[in-house]
Every structure is written in C-alpha cells, then in structure tokens.
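Notes to accompany the following structure.
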Amino acid sequence: MRRIVFTFLLVFLATMCPPWMWATNQQLGTLENLVEEEIWIIFAHDPAGYLHDAWENILEGNLYDAAHNMRKAKAFLMLETHRADKEAKDDLAASTRELEKLIRTIEEGSAPAIKTLREAFAKAEYALAYHHHQKALSYKAKGDHEKATYALDAAATHLMYGSVWAGRELDQNDAVAAKEARAIARKVNRGAKWSPDRLREAIKGIGRGIKKLGNRLMSTREGSKN
C-alpha cells in the first residue's frame, strides 16, 4: 500500500507540476519533507525498471507508453538531484534535461535513434549509480550501516544497467562487488549477520566499476565529437 501511494505521488509530481516549479532557483525543501528517508530507499532501484520498460515500448512502437515511463524515470532523477551531494548533482541534472528532450521528441511522434537512447540511458544510470555510491559512503561515515547497504545495493543496480546500456560488461572483480553489495543488502533486510569488511570491499568495488563506466561514457562522448 505504501508503495502504491508513493508511486501515485511521484507520477502526480512528474505530470502535473509545472516545469518552472522544478527549474526555479529558489531553495526547494528537502526530499525528507516529502517522504521519509527509510521509505525512499525502497524505491531507489525503480528508475532502471522504468527506462527498461521505455526501451521495450520503443521497440514495440508504443511511443505513448515510452514517454510515460521515461517521465517516471525522469521524476526520480529530479527528486534524487535535490537529495544528492554536491558532487553528484550536475550529472543527475544533466541527465534530467537530456531525458526531457527525448521525451518531447517522442511525444511529438518521433522515435529517437537507438544509439541516442542507449547513450542517454547509460548516462542516467551512471549518474544514479554515482549518486547512490556517494550516499553509501556518507551513511557509512555516519555509522548508519543499514542505509549504507541499501544505497550501495541501488548503486550496484544502476551500475549493472548502465554497463548494459553502454555496451560493456563489468569486469569480473566489479561484478563480484555488485553481487556482494546485493547479498549484504538482503542479509540486512532479513536481519541476518553480515561482515563490515565485506561491505567495505563492496563499496570499493562498486566505486571502481562506476569510475570505469564514467570513463567509458566520456570516451564515447569525445569520440562522437570527432
């Protein structure tokens, strides 16, 4: 029930709020004023699913649903931008703008090029992965290991999806780190024992994988300019 209510709120914000409300330079209230941090963490994986659904919609020629799913993903990026640390804000904001351009193109009846979609989705997933990894580091520094594991799990999810959109497989060690991050989150969720040392290694591995994905996207961007 909690998930349904929150999703309804998110879609409402994405579709009903005027764009200028999000673009204003005035300081917005923190995300915690909308929803408790503990609840928000549950939904941290959802943008990956919406982008995947939008991709399937595009392949099926269903532009209406593609735009709708991309708007839901964009809404998450907008909200994450406002809870992100300074280092992660720019990439999230840039991906939000890029998705909006693609959405408008789709709503006008034109399907973007497959390459353009893959690159945009990869950058969005990278921005989310980096953001959640930064959150994991922040939570860990504060001694909140439970939130750190959930944030790291979300970072692992977005890293894996971002790697797929970018057309590269995770290195074996990075893939192991992603698997470990998800395993630790499940243990925490069940109340089972877990190792802080493994959490520390998983954080390092996810960070390493995110950096490689960022370098790959940067080289792709530079290559397209030449």
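No lab work stands behind these numbers, since they all come straight from the coordinates. Nothing here was measured: the structure is a model prediction, and the numbers come from that model. Glycine also receives a Cβ, built like all others from the backbone with ideal geometry; neighbour counts cover every protein chain displayed.
Once you have a ≥ b ≥ c as the square roots of the Cα gyration tensor eigenvalues for segment 55-213, tell me rounded if a/c is under 1.5, and otherwise prolate or oblate according to whether a/b is larger than b/c. Because a/c hits 1.5 or more and a/b exceeds b/c, segment 55-213 counts as prolate. The length gained by stretching the chain between Glu107 and Arg208 to full extension, at 0.36 nm per residue less their Cα-Cα distance, is 32.6 nm.
What the Cβ-Cβ distance of Arg168 and Lys193 gives, at R0 = 35 Å and to the nearest 0.05, is a FRET efficiency of 0.50. Pairs with C-alpha atoms separated by more than 19 Å, drawn from the list Lys89/Lys123; Lys74/Lys179; Lys89/Lys204; Lys135/Lys211, are Lys74/Lys179; Lys89/Lys204. Taking GluC sites (Glu not before Pro) across segment 147-226, the ones in a DSSP loop with at most 15 further Cβ atoms lying within 10 angstrom of their Cβ are Glu169.
Kirkwood Rh over alpha-carbon pairs of segment 64-131, then Stokes-Einstein at 20 °C and 1.002 mPa s: what D in µm² s⁻¹, rounded to an integer? In µm²/s, the coefficient rounds to 179.
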